[in-house]
2 protein chains.
Amino acid sequence: MALKSFVKYSADSDFPIQNLPFGIVSTKQRPYPHAASIIGDFVIDLEEIARAGLFDGPKLRDVASEVFSKPNLNDFMALGREAWREARSTLQRLFAEHSTTIRDSPTLRQKILVPVEATTSHLPFAVSDFSDFSLSMHHMTTMGKIFGAPKLHPNAEDLPVAYHGRSSTVSITGTDVVRPWGLFRRANEAKTTLGPSEMVDFELEIGYIVGTGQKSWVAPANADEHIFGVVILNDWSARDIQGWESVPLGPFLGKSFLSSVSPWIVSLDALAPFSVEPTMRAPQPAPYLRDSSYSAANSGWYDVRLSVELTPAGHTEPLTIAKSNTKDLYWNGRHMLAHQTVNGCSTRPGDLLGTGTVTSGEDPSVCGCMCEMTWRGTKPVPIGQTGLTRAFLQDGDEVVFRGWAQGEGYRVGFGTCRGKVVPAVEPKWK
Amino acid sequence: MALKSFVKYSADSDFPIQNLPFGIVSTKQRPYPHAASIIGDFVIDLEEIARAGLFDGPKLRDVASEVFSKPNLNDFMALGREAWREARSTLQRLFAEHSTTIRDSPTLRQKILVPVEATTSHLPFAVSDFSDFSLSMHHMTTMGKIFGAPKLHPNAEDLPVAYHGRSSTVSITGTDVVRPWGLFRRANEAKTTLGPSEMVDFELEIGYIVGTGQKSWVAPANADEHIFGVVILNDWSARDIQGWESVPLGPFLGKSFLSSVSPWIVSLDALAPFSVEPTMRAPQPAPYLRDSSYSAANSGWYDVRLSVELTPAGHTEPLTIAKSNTKDLYWNGRHMLAHQTVNGCSTRPGDLLGTGTVTSGEDPSVCGCMCEMTWRGTKPVPIGQTGLTRAFLQDGDEVVFRGWAQGEGYRVGFGTCRGKVVPAVEPKWK
């Protein structure tokens, strides 16, 4: 029998009592960014709960008021997993069906439960470092073929390939995607063009957020102790700029104009029931990537369904153009953290580790970016039944990512990660 | 006639009254990190100067005590160039030969001037984002040849190539270089090795530190308004790890274990007298890289002499193994900031922009990294007259970078950026 709350919500709500993710909001009453959770269609004001003295467990009693009044979750994250668990279990207790403390106090209910439409979400964590990986063998294979590599580079099965990303432009969902300017070469042109990117793309990813750092290697079996939770991530890409700049040092401006994240950080505890055997994985990786805790019930892979919706410019209806699943990744979040740290690289609260594009196969309908779907723009894909096609994103197009794990009678969801492409603004060069 | 101070120092001091760079120190009296400058062999305690009410200019009067008591310079940097200039000119006035306020007050002198050996330097800025560029055409050409590219990729003359670096491991000079573990393939081996890097290298760079950020493109002609100053930077590299991981996304673990910076941030105002015509530059770059303020006296290039000294394991004497000069770079700091922002990427106080290896030509004696000097380890170089050679760094080797601009009767120097390679520590994989 599933845990129930006195707060009512539908079975397909992303935010049942089983979830209780963490985020940062501002409200009319409290117009500065501070900590929150969400249940159904109500934001839970954690600062108010702390003020009411309801975080009474040993880890949070003395610090809840302080950490939950901050404009980001980093101080809370730095407290460690026991504190995160205490916060979630306190909330589960307070919002359980027969729990009276909040349910039966109109004053507390009014202060603590705020209709989500009366709140504004803010970036929930201050990004310390952003590393973006490439964990999908499907994605790497297809992208390799598109760019003329007949076979996957052998390092792909050896280690989770990654690059450092840009922290300053990691932004909350809803931030407009201003089409970036840059230098690129069009196909079959010998001259470089300076102009607005003609190949703006999305990348369907999830991002793991480090809660507690370490100055040395983190074993895969210990990684969950450090990972505060997971968000949906759109690592917007300008494929033409990326293509021209990437020799020999990799992507730079093609990625650094924007990365969007969903507002609620879903804990690994909320995802734990959805642990699954992955559809493919490294048979016997290097010792530092071996997960001694691995089992089907604790695999590090989760059955999280992801979808990409596009509302083409001039339309109002979002149309699903792709679906994929994180269980189809070759490496998982534990591998990312272990790889990041094997050379002694230190980690800190607020580090963001992106999975790279989550692609579930070769068909365009399971690809996590347009570059793959459209074979670098050469094979435009239909957008629903509109008669429209797209090679890459056009101005006015809005992209929405969703993700959820399906339980029995409930789902643990991520909310949405959305962004609309708006026209380039030409800087005054002279 | 050169400006003189009542504080005595030799003509080859890095820190005459013409310099007055900014840093962060702790002292016996004030054992927490706070702001400082340096003159000759004396650290200038800026917090004490602020407490004495001597920062009396319009920009600093009300905020000096606060910004100079912080553990990093970011809040001071965020005040903008007028504040930076006011701080430096106030110090130049206070320490001028005939200035009596501090000179004739034993109490103030004792509080404000601390012998450098009685201080500990700390990382002077909190690193927001770290971008590492590749501005040296010499370096790119040689590295290209070493790795089998007969000609430079045409983007090298089109834009300053760059990648995102790791912020968490940017560290103050003197931090040990723990030989990193990683995966790599040895030459002519088909199997990957997991082990301590066998190709630990230095990279002789300078780093530009952003003082004030912007949410849009920064024109080269405006870049100096944003750049707080310059440090020497060693972007330590593990060439074997880098080599194996870099396809297709560029360097990652081969760089992220450590980057070292010198402790004092030298202002562009202190470097301005050393503006020179570069030895090579892009004849007509894209509009966003054109510097409308360019002249020989305001070129954006500085005649900064750099040297690499190596004290081989078991020796005590540092031996100069290479010299180069920042005037031999193809692009400069203004280009880095303009390129970083052309796509709309936002910048923030504390962003670090590295030049990449500063190499002045083909001869090993003017190369800024061992990979170039030794043709990826295949042509070991002699280390002074010791009879020793090195292909890459060995445990116990200490590398010291120095840099200075030579004026008439004084030099504006950077102090040292040093690090000793210490043995790898094997994590417990099982």
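Readers should treat all values here as calculations from the given coordinates under stated rules, not as data from a laboratory. Remember, it's a predicted structure, so these values are computed and weren't measured experimentally. Cβ: placed from backbone, ideal geometry, glycine included. Neighbour counts: every protein chain shown.
Counting pairs of alpha carbon atoms under 8 Å apart in space and at least six apart in sequence, what relative contact order in percent does segment A:130-422 give?
Taking the mean separation of contacting Cα pairs over the length of segment A:130-422, I get 27 percent.
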*Just flag the trypsin sites (Lys or Arg not before Pro) in segment B:60-117 sitting in loop per DSSP whose Cβ has no more than 13 other Cβ atoms within 10 Å.*
B:Arg61
*asked:* Using the Karplus curve 6.51 cos²θ - 1.76 cosθ + 1.60 with θ = phi - 60°, what ³J(HN,Hα) values do you get for each residue of segment B:249-265, in whole Hz, with x for Gly and Pro?
replied: 9, x, x, 9, 5, x, 10, 7, 6, 5, 9, 10, 10, 5, x, 10, 8
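So if I place +1 on the C-beta of Lys and Arg and -1 on the C-beta of Asp and Glu, and nothing else carries charge, what would the dipole magnitude of segment B:265-326 be about its Cα centre? I want it in debye, nearest 20.
Details: 4 positive and 6 negative charges, 40 e Å.
Using only the charged Cβ atoms, the result is roughly 200 debye.
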*Sort shortest first the distances from A:Glu317 to its counterpart in every other copy, using label points 7 Å along the Cα-to-beta-carbon line, and give them in nm.*
8.4
*Kindly express, to the nearest 10 degrees and within the range 0 to 90, the angle between helix A:137-146's C-alpha long axis and the longest C-alpha principal axis of chain A.*
20 degrees
*asked:* Between segment B:293-324 and segment A:162-183, how far is it from one alpha carbon centroid to the other, in angstrom?
replied: 35 Å
*asked:* Less than 19 Å apart at the alpha-carbon level, and either on another chain or at least 8 residues along: which lysines does that give for A:Lys8?
replied: A:Lys111
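Evaluate the relative contact order of segment B:273-430 (contact order divided by residue number), counting alpha-carbon pairs under 8 angstrom at least 6 apart; express in whole percent.
Working: 274 pairs, mean separation 35.0, N = 158.
For segment B:273-430, the relative contact order is 22 percent.
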*Any idea how far apart B:Lys145 and B:Asp104 come out in nm if each label point goes 7 Å out from Cα toward Cβ?*
6.4 nm
*Quick one: what are the phi-derived ³J(HN,Hα) couplings along segment B:278-294, Karplus 6.51/-1.76/1.60 with θ = phi - 60°, whole Hz, x for glycine and proline?*
x, 6, 7, 7, 4, x, 8, x, 4, x, 6, 9, 7, 9, 5, 9, 4
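Under 13 Å from the Cβ of A:Gly174, count the other residues' Cβ atoms, weight Lys and Arg +1, Asp and Glu -1, and hand me the total.
Numbers: positive: A:Arg418, A:Lys420; negative: A:Asp176, A:Glu398.
After counting each charged neighbour, the total is 0.
Suppose R0 equals 25 Å; then what is the FRET efficiency for A:Gln406 and A:Asp41 from their Cβ-Cβ distance, rounded to the nearest 0.05? Don't skip to the answer; put the middle values down first.
Values: r = 20 Å, r/R0 = 0.79.
Calculated value: 0.80.
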*Let me know the charge dipole size of segment B:130-422 about its Cα centre in debye, to the nearest 20, where only the beta-carbon of Lys, Arg (+1) and Asp, Glu (-1) is charged.*
440 debye
*Taking GluC sites (Glu not before Pro) as exposed when DSSP calls them loop (any state but H, G, I, E, B) and at most 10 other Cβ atoms lie within 10 Å, what is the longest stretch of chain A free of them, the sites themselves excluded?*
A:190-407
*Starting from the amide H of B:Thr212, placed 1.01 Å from N in the peptide plane, find each other amide H under 5 Å away whose residue is 5 or more places distant or on another chain.*
B:Phe228
*Counting only residues 5 or more places away or on other chains, whose amide H sits under 5 Å from the amide H of A:Asn325 once H atoms are built in the peptide plane?*
A:Leu306, A:Ser360
_A from B by rotation - nearest chain B beta carbon to the axis, in Å_ = B:Gly250, 1
*Could you name the lysines in cross-link range of B:Lys428, using Cα to Cα under 28 Å and dropping any fewer than eight places away on the same chain?*
A:Lys215, B:Lys191, B:Lys255, B:Lys420
*asked:* Distance between the C-alpha centers of segment A:63-97 and segment A:18-56? Whole Å please.
replied: 10 Å
*For A:Val63 and A:Ala313, what does the FRET efficiency come to when R0 = 60 Å and r is the distance between their Cβ atoms, rounded to the nearest 0.05?*
0.80
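Take the Cβ-Cβ distance between A:Met280 and A:Asn188 as r, set R0 to 30 Å, and report the resulting FRET efficiency rounded to the nearest 0.05.
Working: r = 37 Å, r/R0 = 1.22.
E between A:Met280 and A:Asn188, to the nearest 0.05, is 0.25.
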_Rounded, prolate or oblate, given the Cα gyration tensor of segment A:153-192, with a/c below 1.5 counting as rounded?_
oblate
*Within 10 Å of each Cβ of A:157-166, how many other protein chain Cβ atoms are there on average?*
6
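How crowded by other chains is A:174-186, given as the mean number of beta carbons from other chains within 10 Å of each beta carbon?
On the way: counts 0, 0, 0, 1, 3, 2, 4, 7, 7, 10, 1, 3, 0.
Across A:174-186, the average partner-chain Cβ count within 10 Å equals 3.
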*Shielding by partners for A:342-354, please: the mean number of other protein chain Cβ atoms within 10 Å of each residue's Cβ.*
5
*Under the Karplus curve 6.51 cos²θ - 1.76 cosθ + 1.60, θ = phi - 60°, whole-Hz ³J(HN,Hα) for segment A:113-127, x wherever Gly or Pro sits*: 9, 10, x, 4, 6, 9, 10, 10, 8, 10, 3, x, 9, 7, 6
*Which one of B:Trp375, B:Ser99, A:Gly211 is farthest out on the positive end of the charge dipole of the protein assembly as shown, using unit charges on Cβ (Lys, Arg +1; Asp, Glu -1) and the Cα centre as origin?*
B:Ser99
*Using alpha carbon centroids, what distance separates segment A:391-428 and segment B:350-369, in Å?*
41 Å
_Proximal lysines relative to B:Lys59, as straight alpha-carbon distance under 19 Å, when same-chain residues fewer than 8 apart are discounted_ = B:Lys70
*Which whole-number percent is the relative contact order of segment B:63-158 (Cα, under 8 Å, 6+ apart)?*
21 percent
